[in-house]
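Values in this text are rule-based calculations from the coordinates and carry no lab data. Because the structure is predicted, anything quoted here is derived from the model rather than measured. Please note: Cβ atoms are built from the backbone with ideal geometry, for glycine as well, and neighbour counts cover all protein chains shown.
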Amino acid sequence: MRVVLLSCLMLLAACQSRDALPPPAPLAPMGREHADLGRIVDLASGQSISPEQLLERLARAERVLVGEQHDNPDHHALQLWLSRELARARPHGSVLMEMPNPDQQGKVELAQVVARP
C-alpha cells in the first residue's frame, strides 16, 4: 500500500504546473551596452511587455512565426527558450519556425498585414 501511495504522490508531483522560465541571458559580445538589450516590445503599441506577457499572448495566437539573424547566438538561444515555453503553453499545438532571408522581408510584412484582424 505504501508503494502505491508513494507512486501516486510522485505522479501528482510530476504533473504540477510551473511558471515560465526566464529568457536566456545574452551570449554574444556585441550589443551588450545597448539600452534596449533584453527589452520586449509590443509592436502594435510600442510598449514594453514582460516575457510572461509575451508567452501569454503567443499562446493564444492562431499562428506564431519566429525569425532571427542567422549568425546571432542570442537569437538562437531566444528561439530555443521560446519554442520550449510555447510547447508547454500552447494547448492547441504546433509552433512553426522558419528563417527567411532579408530579401524576403516584404513577403513577411505582407503575411502580417493579411493575418491582422
* To do: Starting at the first residue of region 62-72, write each ³J(HN,Hα) from the Karplus equation 6.51 cos²θ - 1.76 cosθ + 1.60 with θ = phi - 60°, in whole Hz, x for Gly and Pro.
  => 5, 9, 10, 10, 10, x, 7, 7, 4, 9, 9
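Near ALA59, within a Cβ-to-Cβ distance under 10 Å, what is the net charge of the other residues, with Lys and Arg +1 and Asp and Glu -1? Present the calculation step by step, with values, prior to reporting the outcome.
Numbers: positive: ARG57, ARG60, ARG88, ARG90; negative: GLU56, GLU85.
Once positives and negatives cancel, what remains is +2.
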